[in-house]
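Take a look at the structure set out below.
The values are calculated or read from the model by the stated rules, or taken from the named source; none is laboratory data. Being a predicted model, the structure only gives us computed values, none of them experimental. All Cβ positions, glycine included, derive from the backbone under ideal geometry; neighbour counts span all protein chains shown.
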Amino acid sequence: MSLGRSEFADGVAARSLSEISEVDAVRIGADIVSAARRLIALLRSVGDCQWLHHPPVISEAIRRYDELWMPLVSDLTVGLKPPMILPPIDIEWVWFCHTLNPVSYRDYCQKRFSKLIGKPAIYDEENENYAVLQCEKVWVLRYPLESFENRADLDSVETVSSVNEDVKSLVEKQRFLWEKFSSPYMSETVYLIAARLRYKGFLLILHKFKDEISRLIPASDILLMWLTHKSYPTVYKEDVDEMLEDMTRKVVRVGEAVEKSEVETTKRLWDRYFNQPYEKAGGELTVIANESRLSSNTVFYWPVSDMDINTAYKSIRPRFVLELCIFIRLNPKAERNESIDRSFLRLRVARCHRKLQLDKKMSDFSRDSSWQKGWHLYCEFGTLGVVLESHCDRPRGICFRSGKPEGMIEFPWNDLLRAHSLASGRFLGKQVSVFASVTPPVQAPYLLRFVPDRVTDDSGAMISDSVQRTNNFRPQEGRWLTRTVLDHAGRECFVIRIRVGKGVFKRGGEVPSPVKSEERITEIRVGSWSYIEGSIGKAPAKVVGTVTPKESVEDWEAAWEFSTGDELRIRIDSSGAISELGLYSRNPGSKVRLLTGRRMQYKGEGEEDEEGFVTLVRSTEEDPTEKATALIDWKHQAVEFLPEEDAVFVLLLSVSILRSVTQRRREDVGKLLVRKRITEATGERDWGSVIVDASSSNVSSSASPYVEPWYRNSGKVMAMEEKAQVARYPYPVMSYSNVDGGDSLYKHVIFG
């Protein structure tokens, strides 16, 4: 870490965790990094198993653990070495919860088996599956009348013996444990290695200052390591045997009440010994409370996806996001003068969002030598890093904010990811100490939007004299309304085309005519334009999806048939608003619903919906819990979807809904009649590139909709911005050349 001993010289020599020999002296006998990754997988499996949380199932799991599993594993344990087998998930969950109280677990084992029962060191999925299969073989031989799987009747009466009441209590306390460690970056090796280092530092502080403290509060990364460590009882006992009493009494456990003084004591001791803030990105202090970590006001939603089905589309690139925390400490010994009161700090990113300027006045920070959180952001990895500048306003109230900064330091993402603990500390002049930390970048939801483009012909070429010259001035046949799909960075990835007319245009003679309603298909081609001259080009050749209008069914106003075999039906009320959406899928294993408005993670508490949103929700027969996999803003032609959701399917849904509402209202609500290329000034305010967390709400410019989730103010975020050198006509364009077919052709098809 770049926190060398020459830095932060305010009376205490700066230390990095990696520089302190005592940290290395703290022994952890297990491969706690691999074990923590496996624990997260277990917690996720338990969180996904809704049946496991039913009281009769838990009661049966506790019985199986107490009466069957523990006697079995005790008999197979030789000395201190447990057998290389693992029980079914319900028993393993109860076993894990029981080990979280080392004293209770130790007393239980001594009373029942006269020895402490340990857990095998099995960390990877392949060995885990083998261990479960081996366990089943032993189980069947020993308990031929007992099912290996939990067969509890969900309607049965819950019964738990008085002996196991404390085990039941431990299991109930961990109900929300998965949500506390659900962020996908927590499974990354670099994060777990940094967490192990901080956990060692935490144990060292507990040992050094045990006589000065009442209780310490573990941060989320340290808590993960502590729970993992405790889940291997024999290893934990050997490693912390002398500190076991202190660990039990002086470290706050999940679900226990926390006093503010305990939080401040923990921060102060960490700063005193390591000279750095205790909290960091991915290491917050809000996970101890025994409640759901996921709230309706969560600013950034970290999705956990097992796969990315969009890798089949070579033109679409994944989007990676990391979390950033910057802490500030002012030098209390520095002389305070008027210039300090006029000074401010400005944070900006190195790339992508060039107009971003997050300012904080120096006077907003206290001078009590404590670390204070300055910024908490979520940034795309493509921003490359952040730059922190110090500025000073001119005297007499003349603002100097556009001038040259007095000082500047950079924190490139790659440097922070290579640093110990994923953090680095620097000086900014003589007044300010800065400490930046990040989480590993992980894949985030895709962001796509489609913008107007020129009309194309049946072959996919834009209607243009340039194209005709290359074809010996042969008239271009067919007319397709065209949209270009751009990703979060403004890169072309798909082309959407709606068939409008047939025939050709000849001056003084022929003009294209509208196609029949059943021929007004929408197609999506994957890839970017092949340019012939300037902005004139030809669409990619490969068609990856189509949707065809159908005759309306019963009391549904519109119906669409997808190339996948799915069918979309739309019911619109007399005011022109969507009242119901029905999606009929041919895939029997997946259940899909389309809900009007923003739902689930996309809807904050107290937020009002704008018109135009539809939430795509999926569930399966195995897991009936519904999960929002996409948000569609058909009015502003933007979509956000998880990697597990198909991009083409989401885009087809958006276009079909927009076409249906436009036709019903006979109003161009989504500007489908615009037939002119819109070129965006990318890099100025790239949407989704930076999101400011609520804890940074006092930062100036944070009220901008561009640093909030885009769907909170999509109308402004999606406002089209044309480059000055490209824009030749005012927007929207009200008249076009007759060569593309004329306004009447498109109004006839779009309005029906």
Would the stretch 427-441 turn up any residue that is buried (at least 19 other Cβ atoms within 10 Å of the Cβ), over 30 Å from V304 (Cα atoms) and not assigned by TED's automatic domain parsing to the domain that holds R348? no
Just to be sure, is V707 modelled with pLDDT of 90 or more and surrounded by 18 or more Cβ atoms within 10 Å (Cβ to Cβ)? no
On the given criteria, is Q443 of a type in the set (S, T, N, Q) and either at pLDDT 90 or above or more than 20 Å from S370 (Cβ to Cβ) (or both)? yes
Being more than 29 Å from T456 (Cβ to Cβ) and surrounded by fewer than 16 Cβ atoms within 10 Å (Cβ to Cβ) narrows it down to one residue among E610, E551, E605; which is it? E605
Scanning the stretch 633-648 residue by residue, those under 22 Å from S552 (Cβ atoms) and either at pLDDT 95 or above or in contact with a strand residue (DSSP E or B) (Cβ under 6 Å, 6 or more places away or on another chain) (or both) turn out to be none
Report, ordered by the first and then the second residue, all pairs with beta carbons closer than 9 Å, sequence separation of six or more or different chains, a first member in the stretch 405-421 that is farther than 27 Å from C392 by Cβ, and a second member that is charged (D, E, K, R) and surrounded by fewer than 17 Cβ atoms within 10 Å (Cβ to Cβ). H420/E19
Hits in the stretch 66-100 (condition: under 21 Å from V46 (Cβ atoms) and either of a type in the set (K, R) or touching an Asp or Glu at 6+ places or on another chain (Cβ under 8 Å) (or both)): L68, L86, P88, D90
Among the residues of the stretch 246-289, count how many are outside any helix (DSSP H, G or I), under 15 Å from F327 (Cβ atoms) and among the hydrophobic types (A, V, I, L, M, F, W, C). 2
Taking the conditions exactly as written (more than 29 Å from the chain's Cα centre (by Cα), surrounded by fewer than 16 Cβ atoms within 10 Å (Cβ to Cβ) and not aromatic (F, W, Y)), does E172 satisfy them or not? no
Against the definition (aromatic (F, W, Y) and either surrounded by fewer than 19 Cβ atoms within 10 Å (Cβ to Cβ) or modelled with pLDDT under 90 (or both)), how does Y313 come out, yes or no? yes
Across (1) more than 31 Å from the chain's Cα centre (by Cα); (2) of a type outside the set (G, A, S); (3) at pLDDT 90 or above, E551 clears everything bar (3)
Looking only at the stretch 342-374, which residues are within 12 Å of V690 (Cα to Cα), buried (at least 19 other Cβ atoms within 10 Å of the Cβ) and either among the aromatic types (F, W, Y) or touching a helix residue (DSSP H, G or I) at 6+ places or on another chain (Cβ under 8 Å) (or both)? V349, C352, H353, L356, L358
Lone unmet requirement of (1) modelled with pLDDT under 95; (2) in a strand (DSSP E or B) for F494: (1)
Would you be able to tell me the number of residues in the stretch 338-371 that are of a type in the set (F, W, Y), in a loop (DSSP other than H, G, I, E, B) and at pLDDT 85 or above? 1
Residue check: is V500 within 19 Å of D743 (Cα to Cα), surrounded by fewer than 22 Cβ atoms within 10 Å (Cβ to Cβ) and either touching a residue at least 24 places away in the same chain (Cβ under 8 Å) or not assigned by TED's automatic domain parsing to the domain that holds G741 (or both)? no
Would you mind stating whether K200 is buried (at least 16 other Cβ atoms within 10 Å of the Cβ), under 19 Å from I32 (Cα atoms), touching a residue at least 12 places away in the same chain (Cβ under 8 Å) and basic (K, R)? yes
So, restricting to strands (runs of 3 or more DSSP E) that lie completely within the stretch 372-490, which ones have at least 2 residues that are under 21 Å from the mean Cα position of the chain (by Cα) and more than 30 Å from R196 (Cβ to Cβ)? 446-452
